[in-house]
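A quick write-up on the structure given underneath.
The values are calculated or read from the model by the stated rules, or taken from the named source; none is laboratory data. On a predicted model such as this, the values are computed, not experimentally measured, just so you know.
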Amino acid sequence: MAVIKTVGQSGQIALGKAYAGRHVLMDELEPGVWLVKLGEFVPDNERWLQTPSVKADLDEAIAWAASHPPAATDLDALEQQLR
């Protein structure tokens, strides 16, 4: 559905409250032609977490943590093991 919007004096276009706080990717295909995509975006310094091997390791660690609830640690016994 095409909608006509007016660019304000500050250069902004309102997409509506339904999109408030969301991220959009704006791509200028050619002068005056824009493609706007709603989505979640990964910062460059966190992109390594999305690689298949790291993602598999993280998924495995999360599954292990879900099936192994935390337990109290006897610090005195642990210290004896380290000696």
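Quick check on my filter: what residues within segment 21-55 are within 15 Å of the chain's Cα centre (by Cα), over 26 Å from Ala2 (Cα atoms) and not polar (S, T, N, Q)?
Within segment 21-55, Val42, Pro43, Asp44, Glu46, Arg47, Trp48, Leu49, Lys55 qualify.
Residues of segment 1-20 being under 18 Å from the mean Cα position of the chain (by Cα) and modelled with pLDDT under 90, which ones?
Within segment 1-20, none qualify.
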